[in-house]
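Below is one structure, written out as structure tokens, with a few remarks after it.
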Amino acid sequence: MLDISNILKIILYTFALILSLTIAVSVLYAKLYHGNLRFMLTNVSITHSILLTLATAAEFFTIFELQWKGKDIVYKITDLCIWATIFNMLCLFCERSIASLLDKKYETMCIGMPWLGILLALIDWTCAGIFAMLPVLKLVHPITLAYIIISLDIIALFMFSFMPSLTYKRYMFAATNANEFSLSQRYQMSENYRSAKVLTRIVWCCGVTSILSSTFYILKGKFPEHSGLFNTFYIISLTSPTIIYPILMMCYEIKVRDVVICNKSQRDFVAKTIAGKNLVISNSEEQCEAYFNGYKQAWA
């Protein structure tokens, strides 16, 4: 049956799908992060894209009242993607923790092949597949799984909340004890801190909306007389991260925004100096250039 709400959902899902794919391409093209982290962020965008594509297909089933036999498979894969978004956050935390522990060694890890990112993505989808199969095999009730999702979200949010402060303290310790740390180590620590700030915002966005969607799912089952209202809130909270995540990436990553809007202008590097000594490096681009200039001088 043709309904204006279904049409609006399809428009919203299509818009979010375009945003997710655009951000996936932009993150790969801009090369802002370590190869493993780029792969993990691309995995997040791909997960969102698959989820949105399947959600759009489900709306078409509803509008045209299609009775395709594969419809149930579409719904099961949708559940798989929902679980994958949960484990995305935990895998991002694992990747950032390894990066913080290894420092300069991590900078040269996985050159040419982001094997750690691939491994974490496989773990992500494997765990998602296991949890998605539990209600199919009738081993766990869906409401119980919703409580598990809320618990995993809270764990991910709790762990990621400490990531920026820990990476910042480690970076400041290296900055005040420069003789004990190489230029490569200090640069990697600064990158860990910068990445942690951006990822914490993304994880909080995904985590809070996931908790809300799970809560509305539980309420929908507990109060069937208001199931229509709770189902609307459930769909909104479930799909909102697919829109908020690309917006956050464009707001906090200048290079990603430049790629999206096709801005090719580049700012000249102007180091702030007194008597030939650099005092301030105001942004990551200048810091990166200063880092490689230091290498050139060391090998000159």
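For the stretch 4-265, what is the per residue volume of the convex hull drawn over the alpha-carbon atoms, in cubic angstrom?
Numbers: hull volume 37.0 nm³, N = 262.
Looking at the stretch 4-265, the number lands at 141 Å³ per residue.
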Full-stretch length increase - Ile155, Thr62 - with 0.36 nm per residue and alpha-carbon distance subtracted: 29.9 nm
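Give a quick list of chymotrypsin sites (Phe, Trp or Tyr not before Pro) in the stretch 80-180 that DSSP marks as loop, anything other than H, G, I, E or B, with at most 14 other Cβ atoms within 10 Å.
Details: sites: Trp83, Phe87, Phe93, Tyr106, Trp115, Trp125, Phe131, Tyr147, Phe158, Phe160, Phe162, Tyr168, Tyr171, Phe173; in loops: Phe162.
Answer in residue order: Phe162.
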- prompt: By counting other Cβ atoms within 10 Å of each Cβ, how are Glu225, Glu180, Glu59 ranked from fewest to most?
  reply: Glu225, Glu180, Glu59
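For Ser184 and Val74 in the same chain, what is the full-extension length gain: residue separation times 0.36 nm, less their Cα-Cα distance, in nm?
On the way: separation 110, 0.36 × 110 = 39.60 nm, distance 4.73 nm.
Contour length minus Cα-Cα distance gives 34.9 nm.
Nearest 0.05, what FRET efficiency do Phe15 and Asn177 give at R0 = 41 Å with Cβ-Cβ as r? Please list the in-between numbers first.
On the way: r = 49 Å, r/R0 = 1.19.
In this case the efficiency is close to 0.25.
Each reported figure results from applying straightforward, stated rules to the coordinates on display, with no laboratory input. The structure presented is a predicted model; accordingly, all values stated were derived computationally and were not measured. In this analysis, Cβ positions are derived from the backbone assuming ideal geometry, glycine residues included, and neighbour counts consider all displayed protein chains.
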